[in-house]
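Enquirer: If you scroll down you'll find the structure; I have some questions about it.
The values are calculated or read from the model by the stated rules, or taken from the named source; none is laboratory data. Since the structure is predicted, the reported quantities are computational estimates derived from the model, not experimental observations. Here the Cβ positions follow ideal geometry from the backbone for every residue, glycine too, while neighbour counts run over all protein chains shown.
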Amino acid sequence: MDPPEGSGVTPGAVVLDETIHQPTRLRIMTLLLSQPEGGRLAYGFVQGALDLTGGNLTTHLRRLERAGFLVITKEFRDRRPRTWVEATAAGRRAFAVYLENLERALGRAPRA
């Protein structure tokens, strides 16, 4: 896919989804997509696995949720609140496209 006209990006250049490409969000999506389809992870698990502060994780999760790449659900279990994070079908597709574009970009890169 060519970049939008007037974007300053050379036609034919590979464009990576900026929402996913940001390093922390890329780590979040990679962790979520390591789960079987329909699998979800506890917020605390994601926070610990990626060694993020609660505020930092929440900021990135909200950005991914606004993009439609994941859903955040809250429920009570044994009278305790639990927050779950799960990739959406749109998030899985966007990540697959991101990987395809990254592979194309790497294929075009000069070899050392």
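Enquirer: Given the conditions (1) exposed (fewer than 13 other Cβ atoms within 10 Å of the Cβ); (2) modelled with pLDDT of 95 or more, which single one is not true for Arg80?
Expert: Result: Arg80 passes all but (2).
Enquirer: Another question, then. Taking the options Pro3, Pro36, name whichever one is under 28 Å from Ala105 (Cβ atoms) and modelled with pLDDT under 95.
Expert: Result: Pro3 is the single residue among Pro3, Pro36 that is under 28 Å from Ala105 (Cβ atoms) and modelled with pLDDT under 95.
Enquirer: Which number in (1) in a helix (DSSP H, G or I); (2) over 18 Å from Leu16 (Cα atoms); (3) free of Cβ contacts under 8 Å to residues at least 12 places away in the same chain marks the one condition that Arg93 misses?
Expert: (2)
Enquirer: In segment 36-86, what residues are part of a loop (DSSP other than H, G, I, E, B) and either over 13 Å from the mean Cα position of the chain (by Cα) or basic (Lys, Arg) (or both)?
Expert: Pro36, Glu37, Gly38, Gly39, Arg40, Asp51, Leu52, Thr53, Asp78, Arg79
Enquirer: Only one of (1) surrounded by 16 or more Cβ atoms within 10 Å (Cβ to Cβ); (2) in contact with a helix residue (DSSP H, G or I) (Cβ under 7 Å, 6 or more places away or on another chain) is not met by Ile72, so which one is it?
Expert: The failed condition is (1).
Enquirer: Under the condition of being small (Gly, Ala, Ser) and buried (at least 16 other Cβ atoms within 10 Å of the Cβ), which residue from segment 84-111 is farthest from Gly38 (Cα to Cα)?
Expert: Ranking the qualifying residues of segment 84-111, first place goes to Ala94.
Enquirer: Would you check which residues across segment 14-38 are among the small types (Gly, Ala, Ser) and without any contact (Cβ under 8 Å) to a residue 12 or more places away in the chain and list them?
Expert: Ser34, the sole residue that qualifies.
Enquirer: Quickly run through segment 45-67 and pick out the residues that are without any contact (Cβ under 8 Å) to a residue 24 or more places away in the chain and not aliphatic (A, V, I, L, M).
Expert: Within segment 45-67, Phe45, Gln47, Gly48, Asp51, Thr53, Gly54, Gly55, Thr58, Thr59, Arg62, Glu65, Arg66 meet the criteria.
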